[in-house]
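Comments concern the structure below.
Readers should treat all values here as calculations from the given coordinates under stated rules, not as data from a laboratory. From a predicted model like this one, the values you see are computed outputs, not experimental measurements. Neighbour counts run over all protein chains shown; Cβ positions are idealised from the backbone, glycine included.
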């Protein structure tokens with residue numbers, strides 16, 4: 001709820017000292033400012049408050065998931081290239097580490113990217129494999145055909 005202005009006339013001067021230094025404290029050397037908003041303590045603790053103390057976040061840690069994007073973002077650096085064998089090693093290491101999701105380069109990007117998606121999807125990792133597609137049916141079908149999750 002927005003604060004309600006006091007009923008004083010609008011200040012028509014430009015910003016700066018002409019507006020006074022009251023900053024809403026009701027002093028007579030400037031505008032009267034705004035009335036404060038009445039606040040009160042909530043009658044009960046809100047369990048899903050994103051601004052709650054850290055210990056509340058830690059008790060909720062099982063709801064967080066790790067999405068790892070090295071195999072997608074990592075190849076977007078200049079001169080970066082992972083061959084299929086290296087991608088498989090990285091995917092297995094990420095799975096051993098315990099990431100929940102592994103992002104792969106879109107199979108529509110190249111024939112090699114499609115083959116890499118298929119190879120990693122067939123590894124039987126605990127982590128789910130993801131890929132991005134453009135908003136068209138042929139890209140979506142291609143991604144599904146590679147076996148990614």
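Worth a mention:
- For the range 61-146, the fraction of alpha-carbon pairs lying more than 20 Å apart is 31 percent, rounded to a whole number.
- Residues residue 100 and residue 51, FRET efficiency given R0 of 22 Å [Cβ-Cβ distance, rounded to 0.05]: 0.30
- Computed over the range 77-116, the percent of Cα pairs more than 13 Å apart is 59.
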